[in-house]
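What follows is one structure encoded as structure tokens, with my remarks underneath.
The values are calculated or read from the model by the stated rules, or taken from the named source; none is laboratory data. Everything numeric here is computed off the predicted structure, so don't read it as measured data. Neighbour counts are summed over all protein chains in view; Cβ atoms, including those assigned to glycine, are modelled from backbone coordinates with ideal geometry. Side chains included, ligands, DNA and RNA excluded: accessible areas come from the protein's heavy atoms. Shrake-Rupley method; radii C 1.70, N 1.55, O 1.52, S 1.80 Å.
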Amino acid sequence: MLPSTVRALTRAPTLRHAEGVSAVPPPARRRIDQLLSGLRVPVRREDVAAGLTALAADPSLDDIGLVSVLAEAIRGRLRRAEADGAMTHAERATAEARLEEWRRQRLADLAAKARHRHEGEVVGALTLGRWVASFVPARSIRRRIVAFLGPTNSGKSHAAFDLLAAAPRGAYLAPLRLLAWEGQERLAERGVRASLLTGEERRIDPEATHVSATVEMADLVTPVPVAVVDEIQMLADEDRGWAWTQAVVGLPAETLLLAGAAEAEPLIRRLAALTGEPLEVRRFERMVPLTVLRRPVPLARVEPGDALICFSRRDAFALREALIARGRPPAMVYGALGPEVRRAEAERFREGRAPVLVATDAIGMGLNLPIRRVLFAATTKYGGLGPHLIRQIAGRAGRYGIYPEGFVGVLGGEDLEPIAAAIDHPPPPLEGPMRVLPREAQLLDIGRRLGQPSLLRVLTVVAERFRWPGAGFALSRLDEAIRLAEVCAAARLPLRESLGYLGCPIDLRDRLSASALLAWARRHAHGAAVAAPAPPRRLLSRGVADDPADLAEAERSARACTAYLWLAQKWSEIYGEAEEARAVQGELNAFIERSLRLGASARLRQRWREEQAGEGNRR
């Protein structure tokens, strides 16, 4: 049989109230009852009285202090009970163990609540108004916002560059490094010298009056008469939209020209209302008609000037092999290619050396190409193929000044309906939410107020606590940033240095790439120099890739060089072999370009040999 006191402990309710307590206890008593819930030791009147006495003596006593008072009062009562013979030593030990378990759990819960409340206060201090006001140079000048809106091939970009070139100083902000290059060239065609500024390279012309940059590299400090932000519909992009929102709110330009799809107009109007600045909208119409081909086009009927669109690298290479087998080796443009190779492939198609183009949705932004027909080889896409993207890609057909009409359709076997619906019925306006991201200084301040934790903790807290209710804004998706923060945490990089890694152009879903970045970051954390990526000599010695797997390896190595050059812009003393990395990147790009121009897979070459042998036997 268990002693009577122990039996009482095991079957005691969560809390036993002292006799004579009123049915509706006063606030102090309710507070004590809530704290004592979960304690598997009977509570006596004297325990509650000790808590009430402490609160009467110090009304500011917090719950953590009150738990300590209650625990000490109960512990003292248990000691007295053993001394008086009311319980055995073993019974007291069991009760004290349960008391200590309750105390630790309650203190942990209270600490977590306090931390949660503190984190909420820290992140909550970053209000929408404070974020807008933090762009001091932009708020210090009188800006006007001008929107050039219309479909692809409507002349809006041409008009934007004309206006930019006429300004004594200015900036062009592009969504891609390749388009920043193109922007520099378009300004040069108008007699304007521009420096180039991207994450991987800085080509500063001492005599330049303008700058062409990627949107993430926007100069938010130096005032200019005119700035152009291209592809403004990216405001709603979950991953990169924050950079467009930041540019619209924060660029110190007297005239801020926004160019992009007409569907972005509601978002632009909301931002203009937010900053209290005048907005002028100029609408453009497509200069060449776009006609839907109502019947699927067989692959055998593909013609020069056609662009075949698919949504995976694997499908792109399957199409490439099929076209090579039919004597039409295509140019290729897909996301994994570096901008140098994309540009070379686009040039092959533009000059007619490659009659057909195979591309993914990477063709959607920029790359002004002489495309007559856009033919979708797939009408589904991971993440969704919405009408906005269909229209943007299809709009590449019918280049003004080259073709009198553009056509869009599907290859044989594909469903025309989603393509036709997107072209025949304009997509609805973009309603957002617009994407935002706290600025680097604001993330540093959050980290300081949280006690200088890792970037991983700062981003996690921001992701959990960030809210601007009813403002039409949402936090940018932080998946990639958190993956980078995990690498920095594993390398033990401090918060300030870790912030510098955000946006590094490396695919952390690839195990080898993630391992390489971790090794670099660990050396950085110890102040050691990081060597440039070594060239894959075994692969390069082949001259051309044997199959898509070889190309994938070359692309991964080229992206590693891009990441190294990106980091070298920030820490040249750590990533000090930029020239070596650029040389390796050049070798890899030449290998990839040569493989795309000349190569065929080993399987396809074997099939050709078999076909040729069969023809020889028949002869």
Solvent-accessible surface ranking, highest first, for HIS526, HIS118 at 1.4 angstrom:
HIS526, HIS118
Once you sort the root eigenvalues of the Cα gyration tensor of segment 237-386 as a ≥ b ≥ c, which label holds: rounded (a/c under 1.5), prolate (a/b larger than b/c) or oblate (the other case)?
prolate
With runs of 4+ DSSP H residues as the only contributors, calculate the mean residue ellipticity of the chain at 222 nm using -39,500 (n - 2.57) per run, divided by the residue total and rounded to the nearest 500.
-15500 deg cm²/dmol
Please work out the FRET efficiency for the pair LEU598 and ASP415, using the Cβ-Cβ distance as r and a Förster radius of 41 Å; give the result to the nearest 0.05.
0.75
Protection proxy ranking, peptides 427-436, 138-147, average beta carbon neighbours within 10 Å, highest first:
427-436, 138-147
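Using a 1.4 angstrom probe with every protein chain in place, what is the largest-first accessible-area order of SER572, SER595?
Result, largest first: SER572, SER595.
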Check each of the trypsin sites (Lys or Arg not before Pro) in segment 166-214 and keep only those in coil by DSSP with at most 14 other C-beta atoms within 10 angstrom; list them in order.
ARG190, ARG193
Note down the accessible area of GLU101, probe 1.4 Å, to the nearest 10 Å².
100 Å²
Counting only the heavy atoms of the protein chains, how much of GLU231 is accessible to a 1.4 Å probe, in Å² to the nearest 10?
20 Å²
Accessible surface ranking that places the most exposed of THR53, THR562, THR245 first, with a 1.4 angstrom probe
THR53, THR562, THR245
Length gain on complete extension for the stretch LEU540 to ARG301, per 0.36 nm per residue less the alpha carbon to alpha carbon distance?
82.4 nm
With all protein chains present, calculate the accessible area of ARG594 using a 1.4 Å probe and round the result to the nearest 10 Å².
80 Å²
Candidates (1) 38.8, 180; (2) 32.8, 116; (3) 26.4, 85; which is the computed Rg and Dmax of the Cα atoms in Å?
(2)
I'd like the distance between the alpha-carbon centres of segment 86-117 and segment 378-448, rounded to an integer number of Å.
58 Å
Give me the 1.4 Å probe accessible area per residue for the chain, excluding ligands and nucleic acids, in Å².
46 Å²
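Restricting the count to DSSP beta bridges whose residues both fall in segment 114-232, what percent are antiparallel, rounded to a multiple of 5?
15 percent
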Which percent of the accessible heavy-atom area of the chain goes to carbon and sulfur, probe 1.4 angstrom?
52 percent
How do the peptides 265-277, 209-221 rank, highest first, by the average count of neighbouring beta carbon atoms within 10 Å per residue?
209-221, 265-277
